[in-house]
Amino acid sequence: LRGRRAALALAAAPLLAPRARAQASWPTGPIRFVCIFPPGGSTDLLSRIWCQRMTEITGHSFVLDNRGGSGGNVGTEAIARAWPDGTTIGLASVSSLAISPTLYRRLPFDVARDFSYICGLWQLPNLLIVRPEIPARDIAELIALCRAEPGRYTFASSGAGTTLHIAGEMFKQMAGVNILHVPYRGGGPAYTDLLGGRVDMIFGNFPEASRLYHEGKVRALAATGATRSPQAPEVPAMAEFLPGYEINSWGGVCGPAGIPPAIVLRIAELGRQAVESTEVRRRYEEGGATVWWTTPEGLADFRRDNEARFAPLIRASGAIVE
């Protein structure tokens with residue numbers, strides 16, 4: 001993929017140079033934004049909020065193209081294969097860019113070579129919730145409970161390699177407990193079984209888990225971010241019990257490798273204006289997310305650090321996708 005694109009780019013370089021200079025005023029027309037998850041979820045909603053604001057700022061339409069499948073890898077491949085002129089960009093996600101490289105034996109893209117990393121958009125913590133029958137009121141009591149009966153308690157996830165899974169594996173390692181991971185095909189059936197008492201806990205994505213908590217259907221024990229969430233300030237951060245514990249879902253903007261640097265910087269600057277606007281900040285916070293802008297270099301470094309941090313957890317769990 002990278003070699004084929006490089007050859008085409010070299011052949012076309014004399015023709016594209018004036019065009020690349022002109023496109024420093026990006027955008028000059030509609031932009032396709034590939035959201036790598038299906039419609040209706042939190043990442044889809046947060047992506048739509050950003051695209052709407054970018055449309056308002058630039059005067060050009062940002063059209064969301066949902067390409068779900070394979071934990072975000074289908075849409076991520078579509079981004080990698082797009083022509084690098086800045087007219088197709090998409091969602092950079094922890095799942096496909098920091099977790100999948102270790103979880104999957106083979107990927108149709110190379111996370112280090114096939115993308116232009118542009119900027120960050122948001123971070124979204126998870127929330128550890130337990131069914132009401134679990135006799136633990138805080139993390140210390142939960143750890144004691146799990147240590148007293150190793151292997152008895154279970155935690156659900158929306159699938160192997162998701163942040164819901166990795167958050168549980170991190171908890172197991174740092175707390176020194178043995179709890180059983182039960183993966184599901186998506187968050188819906190996982191929450192259904194939690195409410196039905198068939199699993200004991202879930203490190204759920206904040207919007208869904210917080211809703212169940214505020215409706216009184218589950219007990220919330222800890223948020224997985226470095227600090228407490230403004231949406232549930234009464235719930236402690238996991239790091240208050242396990243110093244150094246932190247895991248967040250995150251989303252950013254990426255495009256195919258080879259986008260001219262001037263366009264990358266232009267997208268990043270407009271992206272900063274969008275996420276730092278009062279309206280986007282307010283709507284992100286309502287969804288449990290926090291604004292998280294980075295430079296192109298900052299996003300690339302953060303992704304690489306996340307991959308290195310999560311790889312030992314994934315390997316230790318034994319999860320692998322052929």
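Step by step: first the residues of segment 52-63, then only those that are among the hydrophobic types (A, V, I, L, M, F, W, C) and without any contact (Cβ under 8 Å) to a residue 60 or more places away in the chain, then the one that is surrounded by the fewest Cβ atoms within 10 Å (Cβ to Cβ). Which residue is that? Once the filter is applied, the top-ranked residue is V63.
Tell me, yes or no, whether segment 202-214 has at least one residue that is more than 24 Å from D305 (Cβ to Cβ) and part of a loop (DSSP other than H, G, I, E, B). No: zero hits. The test for being assigned to a helix (DSSP H, G or I) and either under 20 Å from F62 (Cβ atoms) or modelled with pLDDT of 95 or more (or both) does not hold for G255.
The set of residues in segment 64-85 being open to solvent by 50 Å² or more (accessible area, probe 1.4 Å) and over 20 Å from the mean Cα position of the chain (by Cα) consists of R81, W83. Here is a list: L97, L91. Which entry is in contact (Cβ under 8 Å) with a residue 40 or more places away in the chain, in contact with a strand residue (DSSP E or B) (Cβ under 9 Å, 6 or more places away or on another chain) and either open to solvent by 40 Å² or more (accessible area, probe 1.4 Å) or assigned to a helix (DSSP H, G or I) (or both)? Result of the check over L97, L91: L97.
Scanning segment 234-249 for residues that are open to solvent by 10 Å² or more (accessible area, probe 1.4 Å) and within 21 Å of the chain's Cα centre (by Cα) yields A239, G244, E246, N248, S249. Just one of the listed residues (E133, E141) is among the acidic types (D, E) and part of a helix (DSSP H, G or I), namely E141. Filter segment 209-233 for residues that are within 18 Å of V94 (Cβ to Cβ) and crowded, with 21+ Cβ neighbours inside 10 Å and give the result. Once the filter is applied, which keeps residues that are within 18 Å of V94 (Cβ to Cβ) and crowded, with 21+ Cβ neighbours inside 10 Å, segment 209-233 yields A209, A223, T224, G225, S229.
The values are calculated or read from the model by the stated rules, or taken from the named source; none is laboratory data. Fair warning: this is a prediction, and the values are worked out from it, not measured in the lab. Neighbour counts are summed over all protein chains in view; Cβ atoms, including those assigned to glycine, are modelled from backbone coordinates with ideal geometry. Just so you know, the surface numbers come from the protein's heavy atoms only, side chains and all, with ligands and any DNA or RNA stripped out. Shrake-Rupley method; radii C 1.70, N 1.55, O 1.52, S 1.80 Å.
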